[in-house]
Amino acid sequence: MAKKTSEKGPSSDAQHKNNGQSATTTHAATARDLNLALLKRLTETPGTSGREEQVRELVISELQPLVDELSVDALGNVIAVKHGSGKIKVMLAAHMDEIGFLVKHVDDKGYLRVQPVGGHDPSVLVAQRVLVHTEEHGALRGVLTPARKPIHLQKDKVEGPPTLNDLFVDLGLTAEQVKAQVEIGDFVTMDRTLEVVGDCVISKALDDRTGLFVMIETMRRLHETNATIYAVATVQEEVGLRGATTAAYAIDPDVTIALDTTLAVELPGTGDHEAVTHMGSGVAIKVMDGGHIAHPKLVRHLRDIARREAIPYQMEVLPGGSTDAAAIQKARGGVISATLSLPSRYVHTVNEMVHMGDIEADINLLLAYLAEVHPSDYQL
Ligand SMILES: [Zn+2]
């Protein structure tokens, strides 16, 4: 990736051509700079919506030493509080749940039928490996695939694209063994490890374990702030922003920043106007998405800090999809809200890809913001 020249380089038109993207690109940070061991544990720990218990345990063990108070509410949100000198309440939100499945039926051959949890694209779920998380027999590895004949037997008529209903799981066990170990309602996650490719990481569940990572690493580097920070690891975001809704009601924050991934649609044949964001071009400051319009003054404040601190950033408008900010914004009398996004290719697949420089930029911008947050600036 060629290093784009700084402000003084090509005329500002080049900058404008980049629709609000900073001149510098983010190939500074690499595996060495990031606490990759933690990111790997976060992404590889299983937890679908409503079954975030193992992720919660990990998040609590990481956040507890960094804050003054920590509690878990009725839905399972982790609310970690770092007191500040002033009265301002800032809520950070990153969700613990990943998309996955629940076992809904065990057939007489011992195959499992599954119920999708969260938004899945069936065309990327062919011939995958999964883990079925049982109550008493640990995680059982199996094959997830649509019920269709092998290509050798599909005479002249090739079957159409698979649907989610076609999917089943084969654990390689006898029907008796399956019935003895698996129960209706057991949750199922994709079976993939986090790997480093170039300056990027690939894995399942980067949405939104990278958001949790940014929140934890920011709290680790955070010193004194005038704001009291509520670092909230939310539940059930993928099925309707449920945890953020109740946590925001309980906290009643002045300002909120959601931390999540977003689309970087940089496929062969797609035009720049379809990209939404560019991986490796910095943290994305979201203006709007399918469920939320960010507070314009807060957006501008974040952008100005990024410019002042030369933190690589880009502005983002996402046609569809949303984050916890959409729910928090509407809590009680309304909350000043924004989202910082990590550009990700192949979202909601087992090969989500995020640039490590963008993760570093996200942490640096959030840190710089928390050092100077003051809601009085946002009066509309
Ligand atoms: Zn997400």
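Along the chain, the longest continuous region that contains none of the GluC sites (Glu not before Pro) in a DSSP loop with at most 14 other C-beta atoms within 10 Å is 8-134. Using a cutoff of 8 angstrom between alpha carbon atoms and counting only pairs six or more residues apart, the relative contact order for the stretch 234-302 works out to 15 percent.
Helix 242-251 axis versus longest C-alpha principal axis of the chain: approximately 40°, rounded to the nearest ten. Relative to one another, the C-alpha centroids of the stretch 278-343 and the stretch 119-138 are positioned 32 Å apart. Using the Cβ-Cβ distance between residue 127 and residue 379 with R0 = 56 Å, the FRET efficiency computed as 1/(1 + (r/R0)^6) comes to roughly 0.55. For residue 339, nonlocal amide neighbours, meaning residues 5 or more places apart or on other chains whose placed amide H falls under 5 Å from its own, are 258, 286. Solvent exposure of the chain, expressed per residue, is 44 Å² of accessible area, with all protein chains present and a 1.4 angstrom probe. Packing, taken as the mean count of other beta carbons within 10 Å per residue, orders the peptides 109-116, 277-284, 206-213 from highest to lowest as 206-213, 277-284, 109-116.
Let me have the relative contact order for the chain, percent, based on Cα pairs under 8 Å that are six or more residues apart. Once divided by the residue count of the chain, the mean separation gives 23 percent.
Close amide H partners of residue 321, meaning residues 5 or more places away or on another chain with modelled amide H under 5 Å apart, are 290. How much of the accessible area of the chain, probe 1.4 Å, is carbon plus sulfur, in whole percent? Here carbon and sulfur together make up 54 percent of the probe-accessible area. When you count the other C-beta atoms within 10 angstrom of each residue and take the mean per peptide, 226-236, 77-87 line up highest first as 226-236, 77-87.
The values are calculated or read from the model by the stated rules, or taken from the named source; none is laboratory data. All values reported here derive from a predicted model rather than from experimental measurement. Glycine gets a Cβ as well: all are built from the backbone with ideal geometry, and neighbour counts include every protein chain shown. Ligands, DNA and RNA are stripped out before the accessible areas are found, and what is left, the full protein with its side chains, is counted by its heavy atoms. Shrake-Rupley method; radii C 1.70, N 1.55, O 1.52, S 1.80 Å.
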